[in-house]
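Novice: Attaching a single structure in structure tokens format; questions to follow.
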Amino acid sequence: MQRTALTARRRRRELDELSAETVDLLVVGGGVTGTGVALDAAARGLSVALVEARDLAWGTSRWSSKLAHGGLRYLATGDVGVARESARERHVLMTRTAPHLVRALPQVLPLTPGTGRRRGLTVGIGFGLGDLLRRDAGTSSLVLPGPHLARPGEVARLVPAVARERLHGAWIAHDGQLVDDARLVVALARTAAGRGAKILTRVRAIDLRADGATLEDTLTGATLTVRARVVVNATGVWAGTVDPSVRLRPSRGTHVVVPAARLGSPTGALMVPVPGSGSRYVFALPAQLGRVVIGITDEEAPGPVPDVPVATRAEIDFLLETVSGVLSRPLLPDDVVGTFAGLRPLVDTAGSSDGPSADVSRKHLVEVSPSTGAVNVLGGKLTTYRTMAEDAVDLAVKHAGLTAGPCWTTALPLVGAPSLVGPGISTGSTSSSNGTGPTHGMGSLVARYGTEAADVLAAAVLPGSASAVGQGITGAGHLDITRAEIEWAVTHEGALDADDVLDRRTRVGLVPADRAAVHDIVEQLVTDTLRRL
């Protein structure tokens with residue numbers, strides 16, 4: 001386990017080592033794509049260093065809908081290749097690499113007179129095509145059940161807040177849901193570290209070249225030169241700031257967070273068609289820590305890329321109004337306890353600027369930069385990070401003339417995953433154990449850490465490690481994050497301060513009031529843990 005542990009001490013040691021060696025592959029960017037590239041390359045036997053200016057999952061990778069999509073939406077827009085790729089990569093995540101982090105989630109589309117016969121028929125056909133993608137990918141119905149028509153009673157059990165008046169029933173289909181997108185990134189980074197990759201956060205690449213980069217340790221201000229046989233630019237929506245030849249067309253995806261109790265603590269996701277669109281939906285998704293996340297928008301986001309995108313009032317109102325159309329009691333602005341937004345790094349290809357960003361393909365692009373000589377990996381989406389990484393490493397190996405083994409990340413479990421999962425083997429996909437609704441005790445730990453859950457508790461040394469960090473704090477009783485998890489974030493997951501823990505290791509920070517309630521306790525736990533390392 002210690003080979004996969006990311007710590008401040010390991011960071012200092014490996015940063016010192018980096019200045020005296022040449023690595024095969026330097027990866028710039030610590031999101032899902034960058035960590036996926038680092039793991040793929042390290043698993044092929046290459047020496048790898050990954051540098052990230054802030055923290056793991058600091059950018060777009062923590063602002064997703066936390067879904068492992070099967071590609072249904074892309075079928076609706078005619079992008080069959082992306083849809084099929086998404087279904088296959090969802091299968092890999094749910095049955096081989098991360099079944100502890102991705103579980104089946106029932107998605108409920110209510111059928112009312114307002115839905116219309118044609119819309120209901122279209123949805124049924126779409127779900128049927130999505131099920132064909134599931135079968136094509138080899139995903140068992142025991143892992144992802146097929147779609148079906150449901151009676152109002154089943155709808156009420158899954159999403160109690162749906163208005164029962166005039167409800168005829170619903171289409172119910174299943175897709176994959178991550179317990180947390182940032183946890184996936186951390187698991188990728190730790191798995192890569194276990195295979196020898198150097199994972200270095202708070203290290204900024206300030207001068208990217210084909211044979212390396214100048215790096216700045218943002219904690220000390222010291223600079224160093226790293227030599228690499230090939231460089232991969234995986235900085236996502238910031239790729240254009242690293243390489244002026246990159247042309248992206250960012251779009252903003254916004255979510256709002258409401259208490260799960262406000263929607264009756266649903267165990268299924270609510271799926272509401274966007275008026276006037278044949279392929280877009282707003283989802284109300286049950287999440288950990290007693291929350292429901294509602295999203296997502298798809299708005300043009302031209303201009304300079306902000307460090308942290310901000311939801312607009314118009315987007316928040318749009319999400320609330322769309323979902324409220326099928327609820328027994330409409331959501332109000334006062335129900336919102338948090339918001340977040342992320343920028344999709346869509347590739348600006350010829351003709352892509354002629355239509356809305358929602359219609360721009362999510363297909364990724366991998367190419368050698370004419371400006372820097374680095375390999376750029378652009379576009380794509382969270383679900384297909386693994387194929388993006390495979391394509392990027394394939395090109396990097398060819399471009400630099402490296403000797404490397406074949407890609408085998410389809411069969412490489414991430415830390416915390418069972419060593420073997422296949423069709424017919426439970427992945428915790430039932431609604432009572434999907435890690436999205438209220439969870440407590442060991443079940444909550446398993447939902448977030450998989451087979452490492454017991455280790456999280458066993459490794460803790462500070463007093464009261466098994467107690468919840470919000471215990472005894474007014475308004476924070478729903479936060480079932482244990483003190484042991486705070487320690488683990490520092491001793492194993494590379495967290496260097498309280499912000500890393502609150503905003504990316506535990507996601508407490510998605511709700512500002514929750515963050516404020518436990519900030520001082522978390523900060524003290526982090527300080528005490530760092531002091532003894």
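Novice: Report in % the part of the accessible area of the chain that belongs to carbon and sulfur, leaving out ligands and nucleic acids; probe 1.4 Å. Can you show the working numbers first?
Specialist: Details: 10780 of 20090 Å².
Taking all protein chains in place, the chain shows 54 percent carbon and sulfur surface.
Novice: Now, a different point. Excluding residues fewer than 8 places away in the same chain, name every one of the lysines whose C-alpha is closer than 18 Å to that of Lys381.
Specialist: Candidates past the 8-residue exclusion: Lys66, Lys363.
Novice: What would the Debye formula give as log10 I(q)/I(0) at q = 0.12, 0.13, 0.19, 0.22 Å⁻¹ for the alpha-carbon point model of region 266-417, no solvent?
Specialist: Here log10 of I(q) over I(0) equals -0.74, -0.84, -1.27, -1.44.
Novice: Same structure, new question: Modelled label-to-label distance, Ala411 and Thr218, 7 Å Cα→beta-carbon offset: nm?
Specialist: Using points 7 Å along Cα→Cβ, the separation is 3.9 nm.
Novice: If you don't mind, there's one more thing I want to ask. Quote the Stokes-Einstein diffusion coefficient, in whole µm² s⁻¹, for region 9-95, based on the Kirkwood radius over alpha carbon pairs, a temperature of 4 °C and a viscosity of 1.567 mPa s.
Specialist: Working: Rh = 15.3 Å.
Reported coefficient: 85 µm²/s.
Novice: Still on this structure, I have one more. Can you run phi through the Karplus equation (6.51, -1.76, 1.60; θ = phi - 60°) for region 286-300 and list ³J(HN,Hα) in whole Hz, with x for Gly and Pro?
Specialist: Ordered by residue, 3J(HN,Hα) equals x, 9, 5, 6, x, 10, 10, 9, 10, x, 9, 8, 8, 10, 4 Hz.
Novice: While we're looking at this one, here's another question. In square angstrom, what is the accessible area per residue of region 249-295 with a 1.4 angstrom probe?
Specialist: 21 Å²
Novice: How high is the FRET efficiency from Ala20 to Gln471, r the C-beta distance, R0 60 Å, rounded to 0.05?
Specialist: 0.80
Novice: While we're looking at this one, here's another question. Counting residues in region 128-225 as N, plug N into 2.2 N^0.38 Å and put the Cα Rg over that result.
Specialist: My calculation over the Cα atoms of region 128-225 gives 1.91.
Novice: What distance in nm lies between label points placed 7 Å from Cα along the C-beta direction at Arg117 and Asp207?
Specialist: In this crude spin-label approximation the distance works out to 7.1 nm.
Novice: Okay, next question. Short version: ³J(HN,Hα) in whole Hz for each residue of region 398-410, in order, from phi by Karplus 6.51 cos²θ - 1.76 cosθ + 1.60 (θ = phi - 60°), x for Gly and Pro, what are they?
Specialist: 5, 5, 9, x, 7, 9, 8, x, x, 5, 9, 6, 5
Novice: Separate question: Taking H placed 1.01 Å from N in the peptide plane, check which residues at least 5 places from Gly338 or on another chain put their amide H under 5 Å from its amide H.
Specialist: Val257
Novice: Find the accessible area per residue for region 94-193; the probe is 1.4 Å, ligands and nucleic acids are left out, and the unit is Å². Numbers along the way, then the final one.
Specialist: Details: 3760 Å² over 100 residues.
Result: 38 Å² per residue.
Novice: A further question follows. Once you put a point 7 Å from the Cα of Glu300 and another 7 Å from the Cα of Arg247, both along the Cβ direction, what distance in nm separates them?
Specialist: My value for the distance between the label points is 1.6 nm.
Novice: For region 226-288, restrict the atom set to alpha-carbon positions and state the Rg and Dmax in Å.
Specialist: Looking at region 226-288, its Cα Rg and Dmax stand at 19.5, 55 Å.
Novice: If I ignore ligands, DNA and RNA and count only protein heavy atoms, how much of His69 is accessible to a 1.4 Å probe, in Å² to the nearest 10?
Specialist: Near enough 60 Å² of accessible area.
Novice: Let me ask another. Grab the beta carbon distance between Val308 and Glu523, set R0 = 25 Å, and tell me the FRET efficiency rounded to 0.05. Intermediate results must be reported in sequence, preceding the final value.
Specialist: On the way: r = 20 Å, r/R0 = 0.80.
In this case the efficiency is close to 0.80.
Novice: Hey, another quick one. With a 1.4 Å probe and every protein chain left in place, tell me how much accessible area Leu129 has, in Å² to the nearest 10.
Specialist: For Leu129, solvent-accessible area is about 80 Å².
Novice: Report, in debye and to the nearest 20, how large the dipole of the chain comes out about its Cα centre when Lys and Arg carry +1 and Asp and Glu carry -1 on their Cβ.
Specialist: That gives the chain a dipole magnitude of about 1140 debye.
Novice: Also: Using only the heavy atoms of the protein chains and a 1.4 Å probe, how would Met271, Met442 rank by accessible area, largest first?
Specialist: On the way: Met271 10, Met442 85 Å².
I get Met442, Met271, largest accessible area first.
Novice: So, one more: Can you list the residues, at least 5 places off or on another chain, whose amide H is less than 5 Å from the amide H of Lys198, using H built in the peptide plane?
Specialist: Close amide H contacts, sequence-distant or interchain: Val48, Ala49, Leu50.
Novice: Heavy atoms of the protein only, probe of 1.4 Å, neighbouring chains included. What is the accessible area of His364 in Å², nearest 10?
Specialist: We get 30 Å² for His364.
Novice: Further, regarding this structure: Enumerate the amide H contacts of Thr482 below 5 Å, restricted to partners 5 or more residues apart or on another chain; note that Pro and chain-start residues carry no placed amide H.
Specialist: Sorted by chain and number, the residues that satisfy this are Val469.
Novice: What net charge is computed for the residues neighbouring Leu111, neighbours being all others with C-beta under 14 Å from the C-beta of Leu111, Lys and Arg scored +1, Asp and Glu -1?
Specialist: Here the count lands on +4.
Novice: Order Ser444, Ser279, Ser265, most accessible first, counting only protein heavy atoms with a 1.4 angstrom probe.
Specialist: So the residues, ranked largest to smallest area, are Ser265, Ser279, Ser444.
Novice: Still on this structure, I have one more. Which residues does the label zone of Ser371 cover in region 54-87, counting backbone N under 14 Å from a point 7 Å along Cα→Cβ?
Specialist: Within reach of a label on Ser371: no residues.
Novice: Given the Cα-Cα distance of Arg12 and Leu142 and 0.36 nm per residue of separation, how much length would full extension add, in nm?
Specialist: 42.2 nm
Novice: Then there's this: How about Lys198: which lysines have a C-alpha closer than 24 Å to its C-alpha, ignoring those fewer than 8 places off in the same chain?
Specialist: Qualifying lysines at Cα under 24 Å: Lys398.
Novice: OK, next. Given 0.36 nm per residue, what is the gain on full extension from Arg532 to Ala513 after removing their alpha carbon distance, in nm?
Specialist: Separation in residues times 0.36 nm, less the Cα-Cα distance, equals 3.8 nm.
Novice: May I ask you to order 310-319, 26-35 by the average number of other C-beta atoms within 10 Å around their residues, highest value first?
Specialist: Numbers: 310-319: 16.3, 26-35: 31.3.
Descending packing order for the listed peptides: 26-35, 310-319.
Novice: Another question, then. Quick one: order Arg88, Arg531 from most to least accessible surface, probe 1.4 Å. Display every interim value, and only then the final one.
Specialist: On the way: Arg88 100, Arg531 165 Å².
I get Arg531, Arg88, largest accessible area first.
The values are calculated or read from the model by the stated rules, or taken from the named source; none is laboratory data. None of these values were measured; they are calculated from a predicted model. Note that we place each Cβ from the backbone using ideal geometry, even for glycine, and neighbour counts take in every protein chain shown. When the accessible area is computed, the model is the full protein with side chains, heavy atoms only, and any ligands, DNA or RNA have been set aside. Shrake-Rupley method; radii C 1.70, N 1.55, O 1.52, S 1.80 Å.
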